[in-house]
Amino acid sequence: MFNVLGGAEIAAYDIAQELSKKHEVECLTHAYDARLFPSLKMHVVKTKGKLLSNMRRGLEFKKNFPLGDYDVLLIHTPAPGFLISRVETSKTVWYIPEPVRYAYMKQMGDPYQPLPPSSIMRGWLIRQLDRLLLRHVDSLVCYSRYMADVIRRTFKKQPHVVPLGINLQRFPRLPLKQTLNFAYLGRIALLKNLHGVVKALSLCVKRFPNATLTIRGSGSKNDENGLRALVSALGLRENVIMEAASREVLSTYSDAQAIVYVTFNEPFGLVPVEGMATCRPVIVSNQGGMVDTVIDGETGFLVDPFDTKIIADRMVTLLEDFNRCREMGLSGRRRVEENFTIQKTTGQLEAILKG
């Protein structure tokens, strides 16, 4: 059950599709791209807005679909999930990617952001809905040890940790090319730390003037304009390429010599896993879920996201030694094949759902 369609949601649809090979699976959703998963049975409800719309979706789902006929209810979005979970099923599992961040900034350890009164009020309401949902949940599942710690501190419950896996057919091995290009894929937002990456690039180009950064994603108008202003101020308009978000990402991975993803407190970090699957070394934060996926010095580098100089040093290291890039990329591919496939994720989750 989803209300947005991002990387984590697509991975969850992959799980649903894998589960459907052995079980009867239906997805109740607000966001769905039929081109990606044409074989899944979908119930789609469209409404505008955010929190209150989530609750309306829950009421709509509860009204129109016989949830009592299901053995297991796997919830992703808490607001409609709370309403649906009140329908009797054998088991209710909340597969929680992360709490709503502006409602739990302290627990997530996020850099301080001043919130408008409307967000403060929505945050309070979200926390109440989460507490109500927890009364009807049999198990909590999360993506990483970091998120397990957040959930223990936030909800006082012990979750299962099931790392996300990817479909290796969608992310095949790609030949590594000496392009001097770094790539970032994802939202343009404060917590993604793109300002830090651009500042690191400004140091990197002193050693490699032709080094580039491809940013593939979108964000609010203010966030995008602020990033463009920084690029201009640092004289990097020829070095930074900003491309619109798209589900066709293999060309971006193919053109990259390495992936840089130094976000703040990322719950899991699917992009570095995709990058490793395509044989790219990755530079990621030494916090959040990526400490579970990336082995420092072997499949990439773990860095302090607040230390621009360290980020730049690791960028230079990869550009200086292409053979090391290739070795790290191959190690990353092996790590994904052994630990982060959709089949492995589904097997772990299936055991929890049956338990």
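Readers should treat all values here as calculations from the given coordinates under stated rules, not as data from a laboratory. On a predicted model such as this, the values are computed, not experimentally measured, just so you know. Here the Cβ positions follow ideal geometry from the backbone for every residue, glycine too, while neighbour counts run over all protein chains shown.
Taking a ≥ b ≥ c as the square roots of the Cα gyration tensor eigenvalues, with a/c under 1.5 meaning rounded and otherwise prolate when a/b beats b/c, else oblate, which class fits region 262-355?
Since a/c reaches 1.5 but b/c is at least a/b, the shape of region 262-355 is classed as oblate.
Jot down the radius of gyration and Dmax of region 181-339, Cα atoms only, both in angstrom.
14.2, 44
Counting only other residues whose beta carbon sits under 10 Å from that of VAL262, what net charge do I get with K and R as +1, D and E as -1?
Local charge sum for VAL262: -1.
Using a Cα-Cα cut-off of under 12 Å, which aspartates and glutamates could be cross-linked to LYS177, ignoring same-chain neighbours fewer than 8 residues away?
Output for LYS177: ASP255.
Along the charge dipole of region 110-223, Cβ charges K/R +1 and D/E -1, which of ILE166, LEU140, VAL150 sits furthest on the positive end?
Result: ILE166, furthest along the dipole toward the positive end.
Once amide H atoms are placed 1.01 Å from N in the peptide plane, what residues at a sequence separation of 5 or more from ALA245, or on another chain, have their amide H within under 5 Å of its amide H?
GLY217, SER218
Could you tell me which of the pairs LYS21/LYS156; LYS106/LYS157; LYS41/LYS354 are separated by over 23 angstrom between their Cα atoms in the structure shown?
Numbers: LYS21/LYS156 35 Å; LYS106/LYS157 18 Å; LYS41/LYS354 21 Å.
In this structure, LYS21/LYS156 exceed 23 Å between Cα atoms.
Within the set of other residues whose C-beta is less than 15 Å from the C-beta of ASP110, count the net charge using Lys and Arg as +1 and Asp and Glu as -1.
Net charge in that neighbourhood comes out at +2.
From the backbone phi of region 122-130, what are the Karplus-calculated ³J(HN,Hα) couplings (6.51 cos²θ - 1.76 cosθ + 1.60, θ = phi - 60°) in whole Hz, Gly and Pro given as x?
Values, residue by residue: 5, x, 4, 5, 4, 4, 5, 5, 4 Hz.
Report the calculated FRET efficiency for ALA245 and ASP321 (r = Cβ-Cβ distance, R0 = 35 Å), to the nearest 0.05.
So the FRET efficiency works out to roughly 0.65.
Step through the residues of region 183-197 one at a time and calculate ³J(HN,Hα) from phi using the Karplus curve (6.51 cos²θ - 1.76 cosθ + 1.60, θ = phi - 60°), rounding each to whole Hz and writing x for Gly and Pro.
Running phi through 6.51 cos²θ - 1.76 cosθ + 1.60 with θ = phi - 60° gives 10, 10, 10, x, 5, 9, 7, 3, 5, 7, 6, 5, 4, x, 5 Hz.
For GLY355, what is the net charge nearby, where nearby means another residue's Cβ is under 10 Å from its Cβ and Lys, Arg count +1, Asp, Glu -1?
For residues surrounding GLY355, the net value is 0.
Hey, can you rank 268-277, 212-221 by average C-beta count inside 10 Å, highest first?
268-277, 212-221
With a cap of 12 neighbouring Cβ atoms within 10 Å, and only residues DSSP puts in a loop, list the chymotrypsin sites (Phe, Trp or Tyr not before Pro) found in region 98-156.
TYR112
So, by mean Cβ neighbours within 10 angstrom, what's the order for 163-175, 242-254 with the highest one leading?
Ranked by mean Cβ neighbours within 10 Å, highest first: 163-175, 242-254.
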